[in-house]
Every structure is written in C-alpha cells, then in structure tokens.
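**Student:** Once you've had a glance at the structure underneath, I'll fire off some questions.
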Amino acid sequence: MFKINLKNTLLFLIIKYLAFFFIIAFMDNRFFTNVIENSDTSFEILMNTLGYITFVLFHTIPLILIFILPYYFIIKIEKGVFFILLLSCLIFSEYYFYTYFYASMDKTLGVYNILTSLIFMFIFFYEVIKLKFLKQGIKL
C-alpha cells in the first residue's frame, strides 16, 4: 500500500501509537478515571480531554524518535527471513522498552503494543512485505 520511505514510516508510527494509546485509554476505564471523574462541567471535560490528548501526544514523541530508524531499515530489508528475524527482535525490544519505561506495572500493555505494531505494519506495508517473500518463491 505504501512505499518504503522515512515519511511513510513516520506516518505508520504516528498512527500506530495513536491507535494504541486510544485503545488503552478505554481499557480499565483510564479515560473515565482521568477525565470524566475529574470533571464537573462540560468545559472541564473538554479541558481534561485536551490535557489527556496532549499527554498522550507528548509521550508518543520519544517512542517515535527511538523506533523510526529501526523500523525504516528493517522494512527495507529484501530477504524475508532476515526481515522476520530482525522485525521479531525489534518488536521484542519495543515491548521491553515500553513496559520498562511506560507500563512497568502492567506488562499486558506491551502485548497490546506488539499486536498493534503487527496489525498496522501489515496495513501499511502489506504489499512490500508480500514482495519480500514472493521474490523467494514463498506465497502469502
């Protein structure tokens, strides 16, 4: 669907992390606890929602800066076997990084991050990934 370039990799990571943080916002009533319960008026709901969105966007920046080049170079790998091997290493390093720095109390959030990464990787780069294996005679 998308060509391999740094701009598309950046777009992939931005959308992936926004979707991931959106998913976890409604798990365990995080959004309700942080926004709705701390608001008395509709204006406070709006302000707390904007604060929550700002908080999420602020925390996506380091993740994107750290992982944009590894994702970019791994997606550019031509051989399917090396792609799978290095992508697995990257996914697990992202899992450990995320759970250590962002979610040390709830390790399942790292699993959701892995699933979100894989889903959006195939949404964005399915054709590119498919070509890696077709060149080697493996059909997807």
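**Student:** Might you report the magnitude of the Cβ-based charge dipole of the chain about its Cα centre, with Lys and Arg at +1 and Asp and Glu at -1, to the nearest 20 debye?
**Tutor:** In debye, rounded to 20, the chain gives about 1000.
**Student:** Once you keep just the Cα pairs under 8 angstrom separated by 6 or more residues, what percentage relative contact order results for the chain?
**Tutor:** Values: 102 pairs, mean separation 49.5, N = 140.
Dividing the mean separation by the residue count of the chain yields 35 percent.
**Student:** Tell me which label goes with the value of Kirkwood radius over Cα pairs in Å computed from the coordinates here: (1) 16.5; (2) 17.5; (3) 23.4.
**Tutor:** Matching the structure shown: (1).
**Student:** Under a Cβ-Cβ cut-off of 14 Å, what is the net charge of the residues other than residue 60 that fall near it, where Lys and Arg count +1 and Asp and Glu count -1?
**Tutor:** Residues near residue 60 contribute 0 overall.
**Student:** Using +1 at the C-beta of Lys and Arg and -1 at the C-beta of Asp and Glu, which of 113, 58, 26 has the Cα lying farthest in the positive direction of the dipole of the chain?
**Tutor:** Value computed over the given set: 113.
**Student:** Measure nothing but the geometry: give the 0 to 90° angle between the long axis through the Cα atoms of 80-101 and the longest principal axis through the Cα atoms of the chain, rounded to 10°.
**Tutor:** Helix 80-101 sits at roughly 20 degrees to that axis.
**Student:** At 0.36 nm per residue, and after removing the present C-alpha to C-alpha distance, how many nm does the segment from residue 10 to residue 61 gain when stretched out fully? Mind showing how you got there, number by number?
**Tutor:** On the way: separation 51, 0.36 × 51 = 18.36 nm, distance 1.08 nm.
Going from the current span to full extension adds 17.3 nm.
**Student:** Compute the angle between helix 108-134 and the longest alpha-carbon principal axis of the chain, please, reported from 0 to 90 degrees and rounded to the nearest 10.
**Tutor:** 30 degrees
Here, each number is a calculation from the coordinates, and none is a lab measurement. Values in this document were obtained by computation on a predicted structure and should not be read as measured data. Cβ: placed from backbone, ideal geometry, glycine included. Neighbour counts: every protein chain shown.
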